[in-house]
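Novice: Sending over a structure as structure tokens; questions will come in a sec.
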Amino acid sequence: MNWRQLLLPFLSGLFWGVQPLAAQNWAAQAPPYGRPDATIDLRTREGAQVIQGKWRYNDVKIVEVDSKGLGADLKPSGAPVRTYDYTPHAGTAGFDDSQWPVIDPATLDARRGNGKVSFNWYRIRVTLPENVGNLAVAGSTVSFEIVIDDYAEIWVNGSLSPVLGQSGGSVVKGWNAPNKVTLTQ
């Protein structure tokens, strides 16, 4: 094959502080297109420095909001109702997370949520370098791998868009389920 791939593995049980060894082995040995030509481990300070990234964290709050119930048109056009939403909506492109705490990449697997219903955001901006080791990044397939415990959404540039060939897609579900999202091809 004439393609190269760069893997950005982020393997961690973010919600429960579990870092499964089987998931690490899955990432290193069996990505959908074979073994990557280069990797940047975003769980390390060195890896985050390579992509000029800083991990940021914020809790999500569940809030009660006004809405409309189901109408005759099967859309939310009916009577006023109260329902739930969350804040902040940090998946949008250009969301300002500059006031969020920066966390050490080596602590990403630390448990941060406290309850039975716990939501939180982890954000990082990625600037791809020209080279990773001997691999020229230009023209490479770049993917992001994660192992998460329970449920997660992976937003890339403000969207959850699916890409053919990724495993799991932008929405991760399952206990310590490996997932791969293709960022560039």
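Novice: Measure off 7 Å from each Cα along the Cα-to-Cβ vector at V117 and S159, then give the distance between these two points in nanometres to one decimal.
Specialist: It is 3.1 nm.
Novice: So, one more: Starting from the Cα of K68, step 7 Å toward the Cβ, then list every residue of region 74-91 with an amide N under 19 Å from that point.
Specialist: Answer for region 74-91: 74-85.
Novice: Rounded to whole Å and sorted largest first, what semi-axes of the equivalent ellipsoid does the C-alpha gyration tensor of region 89-152 yield via the square root of 5 times each eigenvalue?
Specialist: 28, 16, 13
Novice: Moving to a separate point now. Once all Cα-Cα distances of region 75-123 are split into 10 Å bins that start at 0, what whole-number percent is in each one?
Specialist: Pairs per bin, as whole percents: 16, 37, 30, 12, 5.
Novice: How far is it, in nm, from the label point at R45 to the one at Y86 when both lie 7 Å from their Cα along the line to the Cβ?
Specialist: A separation of 3.1 nm, rounded to one decimal place.
Novice: Taking 2.2 N^0.38 Å as the expected size of a compact globular protein, what ratio does the Cα radius of gyration of region 39-92 give against it, to two decimals? Walk me through the numbers on the way to the answer.
Specialist: Working: Rg = 19.8 Å, N = 54, 2.2 N^0.38 = 10.0 Å.
For region 39-92, the normalised Cα radius of gyration is 1.98.
Where a number appears in this text, it was derived from the coordinates with a stated rule and is not lab data. Just so it is clear, the structure is predicted and the values come from calculations on it, not from any experiment. Heads up, the Cβs are rebuilt from the backbone with ideal geometry, glycines too, and the neighbour counts pull from every protein chain shown.
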